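First up is the structure itself, then whatever we jot down about it.
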Amino acid sequence: MSLTLYNTLTHQKEVFKPRRADEVKLYYCGPTPYNYAHIGNLRGYLFSDLITRSLRFLWYNVKTVMNVTDIDDKTIRDSQKAGKNLKEYTEFYTQAFLEDIDHIHIRRADTIAPISLLVDEMITLIQRLLDTGYAYLANDNSIYYSVAKFSHYGELANLDMKGMISSVRINNDEYEKEQVADFALWKAYDPEKDGPNRWDATFQIDGKTVSVSWRPGWHIECSACNMRFFWEQIDLHLGGIDNIFPHHQNEIAQTEAITGKEFAKYWMHCDHLLVDNKKMAKSAGNFYTLRDIVTEMQKRDISLRPETIYRAFRLMSLQSRYRESFNFTFDRLISSLATIRNIDKTMKRLGRYTGNNVSWVRKEMSQKLDTVMGDFIAVIEEDFNSPEALVLLFDFLSYVNTQIDTRTLTLSEKNAITDFLRSIDTVFAILDFSLLESRLDIPDAIQDLLQERTDAKARRDFARADIIRGEIERQWYRIIDEAQGSHVEKVE
């Protein structure tokens, strides 16, 4: 078997072959920290996390880099509105972003690079583009990239350059797909818009030394970040489809104009997040941050723990293939919560099951584990098919429940099942392994009441048994009656 993925650059599925056998260089664009991340942003990072986790599960040595776009039109604009300096403002929202991704079990990139620390690298790259004729100083005192000089501009975005709007300059960080435009590499200072936010740079242009103050453009930031940490070439670049054009296309144009080499061998993009099948927007009243959905769910059920909601949101994302739009609804989130609770019940049952103290695993169990693992690897290697991988997990947990019901597990088999679940959850990150120890968290007084109730039922003193049930429930525990006997759980 070989890992195949859909390469946006070639518009087809390909076998994944990194440039070096001992390392995969993986980059994805980080947040623009001018506000809290919304769930559409987080869907993109859940996608990057799925790819990274899957590659590591498949034994690739993955090195990851993510930038933080702390110099940007939006960060400058909103920091001034808030009356805060840019560094203070962006560090606050960067920390909020990192807390959000921690909540939903997204592993942080190996290297997280604020762009404000890479200004010198960007100035160096812009000078090289000026030297080779790919960049020029315009009459507005900004430096632009000359798109016409890059012969295969538009290939990543699959643009038909004929008939496209061109011969314009774009000084904003984003623009429409129909505009094939020269984009700003270094923006001239505007005191009314930019306030105290300016960086001084000196460039050699046509044999003259020219000082140009203000800041780098958005696109050059990611090229500089890659050059700083990965040098000229990377294996895999990830992002959302909204970044294919202009941002990722412009990254290619800049970097390859400087190096003369293919920048990224593979490009992968996830589709949009929708809310109730509509584009998320504040004006539509369907705009949510992670904090918003926790607040809304706890309004519906005050006993819900945030961690359970986070896991349900992550599960929702995994239930959609990354190249398909992800439709968020609260009904779907509630359904995912029910699934998480069912998973947790199985984990608790496995934790309580003592098994027979036998140091062997039956052939049938061994074959089951091998078969499911082989199937799991196959669906992950088929363009990271997380929905089918989840089906395998659900089927396996059903099998575990059946084994417990028939009391056929040995202690060695219980341990083998636990090891198997730990292995595949390095991809999913939705299982709560603390539940395997849940039986140890019940106070002795509650266990004594449970035993007293069991004895009362054996005497057929059902009235006393009901009284004891009430005593247990008043202390925020619930009784679970099963064929193998009764146990208690903490009410969450």
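Each reported figure results from applying straightforward, stated rules to the coordinates on display, with no laboratory input. Fair warning: this is a prediction, and the values are worked out from it, not measured in the lab. Virtual Cβ from ideal backbone geometry, glycine too; neighbours counted across all protein chains shown.
Brief remarks on what is shown
- Helix 306-318 vs. the chain, principal-axis angle (Cα, 0 to 90°, nearest 10): 70
- Cβ-based net charge around K13, under 12 Å, with every Lys or Arg adding one and every Asp or Glu removing one: -3
- With only the Cα atoms considered, the range 198-268 has a convex hull volume of 109 Å³ per residue.
- Within the range 349-410, trypsin sites (Lys or Arg not before Pro) in DSSP loop having at most 11 other beta-carbon neighbours inside 10 Å: R407
- Cα Rg, Dmax, the range 286-325, angstrom units: 11.5, 35
- Rg(Cα) / (2.2 N^0.38 Å) computed for the range 18-270, rounded to two decimals: 1.00
- Note on the range 300-321 and the range 228-296: Cα centroid distance 24 Å, given to the nearest whole angstrom.
- Equivalent ellipsoid, the range 444-490 (semi-axes from 5 times Cα gyration tensor eigenvalues, Å): 15, 12, 9
- Per-selection Rg to Rh, the range 173-320 - Cα, Kirkwood hydrodynamic radius: 1.09
- 14 Å beta-carbon shell around S325, net charge (K/R +1, D/E -1): +2
- Within the chain, antiparallel bridges make up roughly 55 percent of the DSSP beta bridges whose residues both belong there.
- Kirkwood Rh, Cα atoms: Rg over Rh of the chain: 1.07
- Extreme residue, positive dipole direction of the range 18-270, given options T52, I241, A37 (C-beta unit charges): T52
- Length-normalised contact order for the range 444-490 - Cα pairs under 8 Å, 6+ apart - percent: 31
- Given charges at beta-carbon only (K, R positive; D, E negative), |dipole| of the range 18-270 in Debye: 380
- Under DSSP loop assignment and at most 13 Cβ neighbours within 10 Å, longest chymotrypsin sites (Phe, Trp or Tyr not before Pro)-free interval of the chain: 60-230
- The ratio of the alpha-carbon radius of gyration of the range 275-437 to the globular-protein estimate 2.2 N^0.38 Å is 1.19.
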